[in-house]
Structures are given as structure tokens and as C-alpha cells.
Amino acid sequence: MEALRRKTIFATGQGDAAYLGWADILILLGLAVAVYLGVQLASSTPPSLARAEIDLNPQVLPYYALQSVRRMAAAYILSLLFSIVYGYFAARSRSAERVLLPVLDVLQSVPILSFLPVVVLALTAVLPQAVAVELAAIVLIFTSQVWNMTYSFYQSLRTLPRELREAASVFRFNWWWRFRRVDLPFASIGLLWNSVMSWAGGWFFLMAAEIFTVGDKDFRLPGVGSYLQEAANANDTTAILYGVLTLVLIVVLLDQLVWRPLLVWVEKFKIETVENDNPPTSWFYNLLSGSRLAGALHQVLIVGTIKALDRRLGGARRFEPAEQERPLHWTQRAARILALTIFVVIVIALGIQLIQLLLSVSLDDYGRVAAGTVATALRVLSAMLIAMAWTIPLGVLIGSNPRLANFLQPLVQIAASTPATAFFPLIVLVIVSNGISFNVAAVLLMLLGTQWYVLFNVIAGTTAIPKDLRDMTDLLRFKGWNRWRKLILPSLFPYLITGLITASGGAWNASIVAEYAEFGQQTYNVIGLGALISEATAKGDFGLLTAATLTMSVVVVIINRYFWRRLYRLAAERYTME
Amino acid sequence: MTTHGHKVLGEVLVELRNVGKRYGRGDKYTEALRGINLTIREGEFVALLGPSGCGKSTLLRIIAGLIGASEGEVLYRGKPLRGVNPNTTIVFQSFALYPWLTVQENVEAALEPLGVPRLERTKRALRLIDHVGLDGFETAYPRELSGGMRQKVGFARAMAVEPELLCLDEPFSALDVLSAESLRGELMELWLSGGIPTKAILMVSHNIEEAVFMADRLVIMDKNPGHIVADIPNNLPHPRRRKEKAFLAMVDQVYGQIVGKTRPEAEELGSAPGEPGATRALPAAPINAISGLLERVNEELTNKIDIYRLADEFVNDYDEILPIIEAVELLGFASVEAGDLSLTPLGQAFAEGSIQARKEIFAARVKRVPMIRWILSMLKAQSDQRLSWDVFIAALSREFPPEVAERQLDTAVDWGRYAELFSYDNSDNTIFIETEQPISQPAPMP
């Protein structure tokens, strides 16, 4: 049931345009320029910095856990604010939408991890290191959380039923009333479910951000992630176990005490006017709603704040000119053209410098980038195949068996929201000490981070098969392979595609941590684009870093546009149950 | 105050002068409304009627100030209207209640922006909820209520802001028959007794009986582009009874106005896309509905039926039956005059024919329809007798707005498939002429 809701809400932005348009090219250029600027800043960082001390004593774990959660929370709040503002403008203004939407689309398919060095180094160039590293971690987590939330909020605003919107106008709600009475409640369900997913994704990147080093520059932050890595470095199995246990505990606690109650509460904003027969439940929510103290606190803190805001911001809408498309005044046009020209000039100027930087990379290195791209692509492909091979049978089993689902669903959820990066040190340790190829580790790590999306979607797809269709298939006595071919696979197709799109994007991203690892004095790596990015980061080779990052961005965007989007459309047209 | 249950007309509230509405810019625009002149006075209950796509809802929204007019003047109490009209409110077809607010909160939400103090707000909301008979449901959420009760909240909310002009956008069409009837009665009671400060009501309706039952003036519109074709006063005394002769005569008259009269064949057929003259748009009538209608009329001994009776038997809203009537007229299966539909001999043959005979009659007739003729000639001009769906859409988009073009082609393909003239291939989105002999033995009926 939950997985089902996920599917409809988590569908990522698959717009209409299947080809690279002007806007996309401009955005990619802008992105390249941003990378370049970051690299410029980064290369001016002082060379040696003090090494952060990570204590392996389990007693410090609560403190570390708190640190990690604090970073996550800061990034999440930032994401929430950004989503609302960005989504609001994209949905409200036609001309803003034309720019903001393609930007969003590209940004959500770009490998976030490879921007970490650039962000960290750029920030350390302008801020004291302690602040800069914290900020960089937060920015990184933010970039991993924000896009799907923004897209969801935008989507909600765009799909608000026309008459609800008109009622707000007729009753003259000003922007505040409209936002608090109409837009936010309507968007809340999608926003919350996406928050849960973003939060889980955030852990993945937090782990990476906490254990970050560039060459001899050590940017590690005290937290659960760095604890785990330090433990693996020291070959301290007890510490590793403590670390993983702490992490799982935090994940479960947050799920039970924060997300679950919120998911129950947000049910009241459902637009469907029929009762849900299987709503989410939360013991903690029930506890809170039965508690006087919680009620009083809610009354004072939340209701009080809202009332104060109402008094300050609420009011009737003035008479505004009615919605009317009118041509732009020539000065407006001139201003627009001028702004665009300035933008283009800056982009070109920086673009030239960027090209110079890219030209400084040796031909040999470009050969490695090309080979790495192919290798990583093959690894992503095998990870996807393995993911499908086990998630389809298991997902169908869970999806068609409610009792099994009740039992397994919570376990799967916890497994899914425990960040794969936490296990990386452990897995690498086991695999390498047993003399197994690091290639296996790389694929396994990618798989760990991404297979859940596929599993969830398969479960959702299975539960969504109409009962009549199942019965008919039984009546026709389709069994075994025939049943899969006639009923199950076609019904699953749209869900599977949705899951695979998210998973493959994640796998490319994960290649950066999966293909390259440093333990103690040893470096393990394989040929791959992710490995190249990590290696360039470790060596401080910014030319190569830029080249590899841009290659990955472009490759992911192209694969999305030309491969996934077509499949997605096919799925939407041919295999969707109506 | 009232004579025979009619209100004395007062000052002019709304005045529209030559109002038009276009969507889109430059060459590519669609005209939704043209040359609308309309005056609404205090004490009037006006109903707007017309086939779907005639712009009634757009007109209502222009008067409420939700949409601006592209041409002409919109005056309210003699002053040009800018922005949302503060003296009106709308009761929506879908109720437009906020599902996350309780009944009471929904009503109060309308008062909050106006700065009504909290106590006063609560008092007014509770009084209105009581007024519409929802006492005891104040803390219920809309999803817990039936459709009729939800619309009562819609009315309570609208009345909370005490509008001078109450706009109703098909307020009863999403309700079941009985709830709709009781709600109509209650609204009429409030309106006629002067129990609400509302000075005039404007209602968009898809139900002619409902309009005749409630309104004092019936404004009838037609499409392409939307314009007013008739303005009929309705002086039947209140309370009105649906089975009375005068009432039925009124309903019949209004139906006559809306469905018009079958024109001579050449005019009825119109011209194909690309040809001079207005392209004949296809009514969105499914084949089954066409045969169902013809069979029903064929049951009458005279092969003739009052259209309002037909509507009464099958549907609540005339909107559903109009395209089907238009289709049988276009195909020459029936003709319309003075609110009556009579079968032609061809229509009779169709109604009585076997599956195969029906297909043949239909094919013969549908080949005369310009749009179908045009599609066939385009396909025949191709060496493989195949053309992409998008090509037709591109051609049709020169004459129709995009979504209408899609609908046109949908209907054309539906008709063409039934007539076995051409078919549609889903795998590559093409329309093609079937080359093999498609009509084999008719399948035995189970």
C-alpha cells in the first residue's frame, strides 16, 4: 500500500521534451561554468591542513550521531525552503517556468558526489575551514535532497484542481491565505513522502561528505560516517558493529518518532473525498494526540505561530487586474534582451577559460575518461540486471501476498533507508581480504544503494494489478511463464521503468564512491568514470576532475533523454492500467 | 415585494457591452465568445443555457472577474470591472471545498480574508450552517458528507460573504437526482422569501428542466464562437410544477431553440478542412449512442419524438444528447424541427437493419461527410495508403484548437473504423486504408 503511494508520488519529472533543447545546452554550459569557477577557487586553497581526529571509543557515538543528524536536519530545512520558493515561482510564472523547469530536470540527473570536492574547496577558499567543511557537507546533502521535493511541490501546484483555485480567487484570498489554506495543504502529501525519500538519500551522501579528503587535505567531520570509516581503517570490527548499530538505531528512531507520525497526520490533507481503507498508522502519533501536554504545546507553539502569521500576513486580495495576456512593453523587451546578452557574454567568456582548462588535460587522460565511461556504463548495466533478477520475483511475491507484505514491508523499509555508504568500508574490507576482485565490490556497492527503488516499484506494480484481471487470467488457466508474459510483466512495466530510472541515476552517482576506496595505506580501484573522479579528487588534478564530471553529467542526461524517457513514454501509453 | 412569486426588477447590476474573449495571441487564437450583450438587474434569476463549448462558463467567470474580457466592456453597477468582483461569489459544480478543513472552517475561511473578527466569523458561520440544515455537522470533514450535503456547505460558504450577485456554475449537476431536487427547492425558498441579501442570481445549467423550474429568464447560447441566440422570459408563476402543460411547453420551446432545425443537406454537411467555408466539425457521438437513439425513436409509431422526452428518459443533461442528435442530422438519419426529432427512411432502415446492413448504410452515409471524405482522399494520395496521425492533427490544427482537433480526429477514426473505411495502427500512430477485404462473415451473436 505504501509502496503504491510512493510510485504515484515519486514519479520523477519526465516531461514531454525527449531531445536536448536550447535550454538544456545552456544549462549544461552554465553547469560547466559553475564547475570551472569552483575549481578556480579550489586550487587557491592553502595546501596543508590539520587532520581531524576521529575517536573510536563507542562512548562518543551519541555525540557523533547527533552531529550527523544536525547536518541532515540543516540540509533538509534548506531543501524544504528552497523547494517551496522554487516550486512556487516555477508554477506561478509562465516565463520563470520556461527556465526553471529544464534547470531542475538537468540538475536532478547530475552526479552530485563529484561536485563535493569543488564545493568544499571553493568554500574553504573563502571561509574558515571548520565552517566551510560543515557548510559543504550541508550543501552536498541539500543537493541530494532537494530536486525531487522541488519537483513534487511544483507538480502539486500545477495539478491543483481549477475550481479550488478559483474559489480562492472568488473569496479573495491574498497570497498568504492562498498559500496556507490551499497550496501548502494540497502539496503536503507529495512533499512529505518525497521528504522521506530525500532524507534516506541524504544519509548516503552524508557518509561520503564526512569522510572527505582531497590529496593531503583532510576535510573529515566528526560524525557516524567518519567513525565508520575510521573503524574500517583501523580494522576494528567491534567499532564497525557499534557504528552500524547506531546508524540503524537513528534511522529507526527517526522513522518512528518523526516521519511516521507526520505521514499519519498529513493524511488529512488528502484530496480524495473517499476514506482510505488502509491508512498509515503510528503508535507515537496516537500517543501524542492522546497527550494533554503535547496538545497544549501544539496549541501554544504551532497554532500560536500560525495565528500570529495570519494576523501579520493575511488579508483580502486587492483588486488586481484580471488575468490577461498582454504584450510586453518595448522597454521590458529591451531589458530582457540586454540581460540575456550579458548572461551569454559571461557564459562565453568563462566557457573559453573552461575549454582551456579542459585542453590542459592530456589526450591520455581523455582516453581514460572514455574507457572509464564504458566500464562504468557496463557496471551500471550489470547492477540493474542483478537488481531486476532478484527484486522482480521477491517484489511480486510480496505484492501478491498481503500477509507477507505486512511482515516484510517494515524490514525492507529499514533496509532501504539505511545508507549503503555506511557498509562500504565493511564490504570492501571483506571482499579485499578474501582476494575477490574489486570489480565485484564496485557492482555490489552500486547495487546496495539503488536496488530498493526497483523493489518498491515492483511491489507497487503488483498490488496495482486489478483483481478482475487476475481472476480472468486464472480463468484462462495461464500458468507459469505464460502468466508472467501475459499478465505480470506488462502490468509491472511502467512501475519497473520508474524504479529503474531512479536506480540507474543513483548507480552512476554511486560509482564515485563504489569504484575507488582508500583503506589505511592501500588504494583499491577499478577502471571507471567514478574511479577517475575520485582519483582526480585525491590527487587534486582539477583538469581531469572537471573533464570526468562533465562527461558523467552529459552521459547521464543523454541516457535519460534518449533511453529512459522513450521507455517511460512507451510505458505510459501502452502499459498503463486505466 | 413579490408578485406571483416574482421579484420586482431593480437597478442594473451587470452590463456586458459587446464582450468577446479570445485565447492565444497573433494568428493562432481561438475565439470563445463574440459580441455578447447582456444586462442583469436586481431581482432577476437568469439561467445560461447552451451546448458544451458555447462559453457559458467563460461568461460566468468574466462576470465574476476571474477572467478578463478581450473585447468590449464589463460594467458592474455602471463601473468597469477590474479583477475579481467583490460583490459576487460562485457556487461550483465540484463544490470546491477544501477537504482539509471542516464544514465550519470551510465557511469561516471565506470570511477570514475580509478581516471579520473571530467571534463574529464563528457566529455567522454557525448561523449559515444551521440555515442550510447542516446543524450538527460543523466539525465534519467534507469527505464524510454526501454530495448534496457538500453542496449545502458550498451554498453556506457563498452566502457567508453576502454577495449581491450569486453565480452558480452547474451547482446541481454533480448530485444525485433526489438531492439535487431538494437543494433546488431550498434555494428557491431562500431566494423567493428574500431570506438572503442576494439581489440577483446567474446560473449556468446543463439541464433545461432545472432552468425552467428556477429561472425567470433563459439566455440561450450557441457555439463557434460563443454568442447569445435567444433571451426568453419565463413568467410561469411560482411554485412551478414540472408536469403542468405550460411548463412542458416552455421546456419544449427551449429545446427547440437549443437544438435548432435541420438545414438542407448541403448546408448541414458543410465543407472539409482546407476547403473554403467553415469546416464542418464532427459531433463527438459514439456509434453505440447513435444506434441507441435511432432504435429508441423507431419504437415510436410515428417515428417521431419530442427531444425533451428523449432527454428526460435517458439523461439529465441535454449536453449529453445534443452531439448525438447533431450526428444523426449530419448523417441524414433524422431531422429536427420545433423540438421534435423524426427518423428519415434511411434512419429507419438503419434502426431495423442487421449488424452488417447497418455497417453498409453507415459507410455509405459517412462517406459524404466532408471530414471523412477529406481523410480518405489524403490517404488515397499516399502510395502505401498510410498517413501519420500527427499529419492530420497538424492540418486540423489550422482550423481548430489543438484539443478539439484531437477530438475531431478521434471521432472520425471511430466512425471510419465502424464503416470499415480506414483504421488506426497503434504501434506507429498511423491511419491507413485496409487493403484486404475486411468484411467477412458476421460473427454469430452469443
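Details
- Number of the exception - B:ALA96 against (1) more than 7 Å from chain A (Cβ to nearest Cβ); (2) within 26 Å of the chain's Cα centre (by Cα): (1)
- Of all the listed residues (A:LEU184, A:LEU206, A:LEU221, A:LEU192), the sole one being among the hydrophobic types (A, V, I, L, M, F, W, C) and over 24 Å from A:ALA65 (Cα atoms) is A:LEU184.
- Some residue of segment A:498-520 being more than 14 Å from chain B (Cβ to nearest Cβ) and out of contact with any helix residue (DSSP H, G or I) (no Cβ under 8 Å at 6 or more places or on another chain): no
- Taken together, A:VAL170, A:VAL182 contain a single residue that is in contact with a strand residue (DSSP E or B) (Cβ under 6 Å, 6 or more places away or on another chain) and without any contact (Cβ under 8 Å) to a residue 60 or more places away in the chain, which is A:VAL170.
- Where B:GLU144 falls short, out of the listed (1) within 23 Å of A:PHE269 (Cβ to Cβ); (2) within 11 Å of chain A (Cβ to nearest Cβ); (3) touching a residue at least 12 places away in the same chain (Cβ under 8 Å); (4) out of contact with any Ser or Thr (no Cβ under 7 Å at 6 or more places or on another chain): (3)
- B:ASP135 vs. criteria assigned to a loop (DSSP other than H, G, I, E, B) and either under 30 Å from the mean Cα position of the chain (by Cα) or among the acidic types (Asp, Glu) (or both): yes
- Given (1) modelled with pLDDT under 85; (2) closer than 30 Å to A:LEU247 by Cα; (3) in contact with a helix residue (DSSP H, G or I) (Cβ under 6 Å, 6 or more places away or on another chain), number of the condition A:ARG158 does not satisfy: (2)
- Number of the exception - A:GLU210 against (1) within 14 Å of chain B (Cβ to nearest Cβ); (2) crowded, with 22+ Cβ neighbours inside 10 Å; (3) of a type in the set (Asp, Glu): (1)
- From the options A:PHE343, A:PHE407, residue that is closer than 25 Å to A:LEU29 by Cβ, surrounded by fewer than 17 Cβ atoms within 10 Å (Cβ to Cβ) and either in the same structural domain as A:GLN229 (by TED's automatic domain parsing) or not β-branched (Val, Ile, Thr) (or both): A:PHE343
- Verdict on B:SER146 being outside the structural domain of B:SER52 (by TED's automatic domain parsing), out of contact with any strand residue (DSSP E or B) (no Cβ under 6 Å at 6 or more places or on another chain) and under 25 Å from B:ASP319 (Cα atoms): yes
- One residue stands out in segment A:169-189 among those that are small (Gly, Ala, Ser) and surrounded by fewer than 23 Cβ atoms within 10 Å (Cβ to Cβ): the one that is nearest to the other protein chains (Cβ to nearest Cβ), namely A:SER169.
- Scope segment B:246-283; condition at pLDDT 75 or above and among the polar types (S, T, N, Q); matching residues: B:GLN253, B:GLN257, B:SER271
- Residue that is closer than 25 Å to B:VAL219 by Cβ, of a type in the set (Asp, Glu) and more than 20 Å from the chain's Cα centre (by Cα), where the choices are B:GLU73, B:GLU105: B:GLU73
- Scanning segment B:50-88 for residues that are of a type in the set (Lys, Arg) and within 9 Å of chain A (Cβ to nearest Cβ) turns up B:ARG61, B:ARG82.
- Contacts under 6 angstrom Cβ, first residue in segment B:157-177 being away from chain A (no Cβ under 12 Å), partner among the basic types (Lys, Arg) and surrounded by fewer than 23 Cβ atoms within 10 Å (Cβ to Cβ), 6 or more apart: B:GLU164/B:LYS199
- Test: B:ASP384 is in the same structural domain as B:ALA289 (by TED's automatic domain parsing), of a type in the set (Asp, Glu) and part of a helix (DSSP H, G or I): no
- In this structure, A:ILE398 does satisfy being under 26 Å from the mean Cα position of the chain (by Cα), surrounded by 15 or more Cβ atoms within 10 Å (Cβ to Cβ) and more than 30 Å from A:GLY225 (Cβ to Cβ).
- Complete set of residues in segment B:63-83 that are crowded, with 21+ Cβ neighbours inside 10 Å and not in a strand (DSSP E or B): B:ILE63, B:ALA64, B:GLY65, B:LEU66, B:ALA69, B:LEU81
- Residue check for B:LEU379: assigned by TED's automatic domain parsing to the domain that holds B:PHE422, crowded, with 16+ Cβ neighbours inside 10 Å and not in a helix (DSSP H, G or I): no
- Helices (runs of 4 or more DSSP H) wholly inside segment A:60-136 containing at least 3 residues that are crowded, with 20+ Cβ neighbours inside 10 Å and modelled with pLDDT of 80 or more: A:61-92
- Single residue of B:ALA405, B:ALA351, B:ALA412 found to be in contact with a helix residue (DSSP H, G or I) (Cβ under 6 Å, 6 or more places away or on another chain), assigned to a helix (DSSP H, G or I) and without any contact (Cβ under 8 Å) to a residue 60 or more places away in the chain: B:ALA405
- Considering A:SER491, A:SER534, A:SER511, the condition of being over 22 Å from the mean Cα position of the chain (by Cα), assigned to a helix (DSSP H, G or I) and polar (S, T, N, Q) is satisfied by A:SER491 alone.
- Every test in (1) modelled with pLDDT under 85; (2) out of contact with any strand residue (DSSP E or B) (no Cβ under 9 Å at 6 or more places or on another chain) is passed by A:TYR524 save one, and that test is (2).
- Test: residue in segment A:443-458 that is part of a helix (DSSP H, G or I) and in contact with a strand residue (DSSP E or B) (Cβ under 6 Å, 6 or more places away or on another chain): no
- Scanning segment A:449-462 turns up at least one residue that is modelled with pLDDT of 80 or more, closer than 29 Å to A:GLY372 by Cα, under 32 Å from the mean Cα position of the chain (by Cα) and aliphatic (A, V, I, L, M).
- Qualifying residue in segment B:148-161 (condition: surrounded by fewer than 17 Cβ atoms within 10 Å (Cβ to Cβ) and either in a helix (DSSP H, G or I) or not basic (Lys, Arg) (or both)): no
- Within segment B:103-131, the set of residues being under 24 Å from A:PHE179 (Cα atoms), of a type in the set (Lys, Arg) and either at the interface with chain A (Cβ under 10 Å from one of its Cβ atoms) or surrounded by fewer than 17 Cβ atoms within 10 Å (Cβ to Cβ) (or both) comprises B:ARG118 only.
The values are calculated or read from the model by the stated rules, or taken from the named source; none is laboratory data. Quick caveat: nothing in here was measured; it's all calculated off a predicted structure. Virtual Cβ from ideal backbone geometry, glycine too; neighbours counted across all protein chains shown.
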